[in-house]
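Asker: Quick one: this structure, given as structure tokens, is what I'll be asking you about.
Coordinate-derived values only; no laboratory data. Everything quoted here is computed from the prediction, not taken from an experiment. Cβ coordinates were reconstructed from backbone atoms using ideal geometry, including for glycine residues, and neighbour counts include every protein chain displayed.
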Amino acid sequence: MAIQWWPILLLMVVVCVIAYGRAAKANTHSAALTSASKPADLPDAPISVNYFPSRKCNYTCGFCFHTETSSYVLSIPEAKRGLKLLREAGMQKLNIAGGEPFLYPRLLTELLRYCKEELGLESISIVSNGSKIKESWMQANAKWLDILAVSCDSFEAETKKKIGRGDDGGNVERLFKIADWCKTYGVKFKLNTVVNAHNWNQDMVADIARLAPFRWKVFQCLIVAGENDNEDRKRDATKFLVTEEQWRTFCDKHKHLPCYVPEDNASMASSYLLLDEYMCFLDKGEGRMTKSESILDVGVMPAMQQVRWDKESFVERGGIYDWSKQDSKGAGKDLEW
């Protein structure tokens with residue numbers, strides 16, 4: 001009985017066409033991500049984005065400039081859609097802040113996994129007050145997290161209470177546990193401190209040396225009009241401001257530490273790309289806060305054009321650093337502006 005070859009040949013052709021189509025689609029996706037990771041070709045690329053998925057927080061820090069004026073949280077699919085748009089526009093690093101991000105641990109897991117495994121981001125960091133971080137979460141999610149930053153403005157319980165950073169007295173103990181977990185699970189540990197009226201004359205050298213963060217950001221207390229500029233707002237940071245002399249006193253006392261990275265008000269102004277819970281860019285640099293349309297509605301570049309992002313200040317304040325745990329030499333070292 002003669003073998004009918006034409007059905008076999010037809011099947012082989014169909015298989016080859018399907019395989020070619022899938023390969024072409026994969027190459028196109030890869031090329032898009034490769035292009036997005038070359039910001040030198042995209043001078044306005046949103047290299048590093050600070051995303052605030054929620055304003056909700058369990059602390060009441062008196063100087064907070066991103067206050068709980070909304071309870072809105074995007075759905076996970078919509079948040080992923082926005083992050084994909086940012087990646088395609090050139091984002092390399094995502095910093096997730098709040099509010100308190102760890103009030104939404106499942107959301108964090110979903111965003112971390114998606115950004116690392118599907119978008120291929122160089123770096124993902126989280127800024128937290130540390131109160132809700134659990135070792136079990138660290139163990140399960142550390143593979144996707146490059147940097148964990150914890151806010152700590154004092155190692156004295158009474159000072160923390162005055163500031164609004166919790167009142168259970170366990171903050172410092174938790175902080176050292178978190179630092180140990182970072183070492184155990186291979187996540188870079190970072191510390192953030194706001195210099196204010198209650199801590200400007202404190203000496204934190206010994207405690208910082210014990211914690212040994214790879215980076216210690218020291219911020220000058222900042223006023224943002226519409227957020228924390230008077231007693232009619234959710235927070236009134238005018239009571240927490242320091243003079244230039246007080247700011248310099250704190251800085252001079254700690255500047256010899258190798259992890260120390262100071263940022264005064266001038267350095268912070270418009271040097272951060274801030275994205276709120278609706279995925280609108282915020283400009284909190286000068287005068288009253290301005291807000292763009294959502295990138296979900298108009299796209300990334302049109303939204304960026306509605307706010308001011310000072311790229312030179314971003315670079316000058318050290319916005320590009322060794323932000324990936326995979327490359328100690330420093331991700332983004334070849335960036336050109």
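Asker: If r is the Cβ-Cβ distance from GLU293 to GLU110 and R0 is 22 Å, what FRET efficiency results, to the nearest 0.05?
Answerer: 0.30
Asker: Using 29 Å as the Cα-Cα cut-off, could you pick out the over-long pairs in LYS56/LYS190; LYS84/LYS239; LYS56/LYS188; LYS162/LYS217?
Answerer: LYS84/LYS239
Asker: Along its principal axes, what span do the Cα atoms of the range 242-295 show, with the longest given first and each in whole Å?
Answerer: 43, 24, 14
Asker: If you filter the range 58-109 for chymotrypsin sites (Phe, Trp or Tyr not before Pro), then keep DSSP loop positions with at most 13 other Cβ within 10 Å, what is left?
Answerer: Here the chymotrypsin sites (Phe, Trp or Tyr not before Pro) that fit, given the DSSP loop and packing criteria, are TYR72.
Asker: Run through the range 250-305 and list the trypsin sites (Lys or Arg not before Pro) located in a DSSP loop whose Cβ has at most 15 other Cβ atoms within 10 Å.
Answerer: LYS255
Asker: Let me ask something additional. Roughly what % of Cα-Cα distances in the range 52-128 sit above 19 Å, to the whole percent?
Answerer: So the pairs more than 19 Å apart make up 36 percent of the total in the range 52-128.
Asker: What order do you get for 84-97, 138-151 when each peptide is scored by the mean count of other beta carbon atoms within 10 Å, highest first?
Answerer: With the highest mean Cβ count within 10 Å placed first, the list reads 84-97, 138-151.
Asker: Return the equivalent ellipsoid semi-axes of the range 124-210 as a descending list in whole Å, where each equals the square root of 5 times an eigenvalue of the C-alpha gyration tensor.
Answerer: Computed over the range 124-210, the values are 24, 13, 11 Å.
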